[in-house]
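The values are calculated or read from the model by the stated rules, or taken from the named source; none is laboratory data. For clarity, every value in this text was computed on a predicted model and none was experimentally measured. Glycine gets a Cβ as well: all are built from the backbone with ideal geometry, and neighbour counts include every protein chain shown. Please note that ligands, DNA and RNA were not included when accessible areas were found on the heavy atoms of the full protein model with its side chains. Shrake-Rupley method; radii C 1.70, N 1.55, O 1.52, S 1.80 Å.
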Amino acid sequence: IGTLDSNRIPVIGSAAYSVESSGLHIFFEAARTVLASNRDAEFMVALQGGDDLDIRRLAQQLGISDRVTIADYPLVGSRFWTVLDAYCQPSLARSAGRLLAQAMANEIPCIISDVPGLRDLVQDRQTGLIVPGGEPQPLAEAILSLLDDRGAAHSLARSAAEFVRDHFDPESEANRLHALFQEITDTHP
């Protein structure tokens, strides 16, 4: 679980199933801005399927390839979440937020773009940070804010993990479903 430990270089990550709508180019442009502010940080991207050649080229064009690790998501799996100090999902299109929910459950402070699906999982400044979609500067500023205020980052991460436990825990879901069925059978015998 990422801790934004001051004794090591922070790792900011993103993951995607599809490069086209993932917003990874926005993530890399934000990474360049973070690094230009003289912050020592590493960036990691986990891709599921597809060719990573375009992503590697983009990192090289932006001059950040020495600070970017690109991995195949199925190969890193749950280990991916253990190295991250912050997670960004800069999607440009609607997303179900499965990867976001995993990051939140792993108590990683999250930054998302304001798109349908993702914004249903994050309460801005309570369980994560929401930035305008398609804009690297606000994403970079949000990353920097997490790096600068580690206490706030920890608070967001704890609240996010509680939200996921409360809303996606199988036992809680089963209890809510049971209560709904009970209510239906009580009102419609």
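Within the bounds of the stretch 82-90, is there any residue that is open to solvent by 10 Å² or more (accessible area, probe 1.4 Å) and modelled with pLDDT under 95? Yes; the residues of the stretch 82-90 include at least one that is open to solvent by 10 Å² or more (accessible area, probe 1.4 Å) and modelled with pLDDT under 95. For residue 125, the requirement of being at pLDDT below 95 and out of contact with any helix residue (DSSP H, G or I) (no Cβ under 7 Å at 6 or more places or on another chain) is not met. Of all residues in the stretch 76-90, those satisfying the criterion of being in a helix (DSSP H, G or I), touching a residue at least 60 places away in the same chain (Cβ under 8 Å) and within 14 Å of residue 47 (Cα to Cα) are 80, 81. Considering every residue within the stretch 163-178, establish whether at least one is hydrophobic (A, V, I, L, M, F, W, C), closer than 17 Å to residue 11 by Cα and surrounded by 16 or more Cβ atoms within 10 Å (Cβ to Cβ). No, the stretch 163-178 contains no residue that is hydrophobic (A, V, I, L, M, F, W, C), closer than 17 Å to residue 11 by Cα and surrounded by 16 or more Cβ atoms within 10 Å (Cβ to Cβ).
Among the listed residues 49, 2, 63, identify the single one that is surrounded by fewer than 18 Cβ atoms within 10 Å (Cβ to Cβ), assigned to a loop (DSSP other than H, G, I, E, B) and either modelled with pLDDT under 95 or hydroxyl-bearing (Ser, Thr, Tyr) (or both). Testing whether each residue is surrounded by fewer than 18 Cβ atoms within 10 Å (Cβ to Cβ), assigned to a loop (DSSP other than H, G, I, E, B) and either modelled with pLDDT under 95 or hydroxyl-bearing (Ser, Thr, Tyr) (or both) leaves just 49.
Checked against (1) touching a residue at least 40 places away in the same chain (Cβ under 8 Å); (2) touching a helix residue (DSSP H, G or I) at 6+ places or on another chain (Cβ under 9 Å); (3) assigned to a helix (DSSP H, G or I), residue 138 passes all but a single condition, namely (1). How many residues, within the stretch 28-41, are among the acidic types (Asp, Glu) and either assigned to a helix (DSSP H, G or I) or crowded, with 20+ Cβ neighbours inside 10 Å (or both)? The number of residues fulfilling the criteria is 1. Remark: residue 173 matches the filter, which requires a residue to be of a type in the set (Asp, Glu), without any contact (Cβ under 8 Å) to a residue 60 or more places away in the chain and more than 27 Å from residue 22 (Cα to Cα).
Across the stretch 123-135, the qualifying residues are those that are closer than 15 Å to residue 23 by Cβ and without any contact (Cβ under 8 Å) to a residue 60 or more places away in the chain, and the one among them that is most open to solvent (accessible area, probe 1.4 Å) is 132. Considered as a group, the residues in the stretch 136-162 that are more than 23 Å from residue 29 (Cα to Cα) and open to solvent by 90 Å² or more (accessible area, probe 1.4 Å) include one that is farthest from the chain's Cα centre (by Cα), and that residue is 162.
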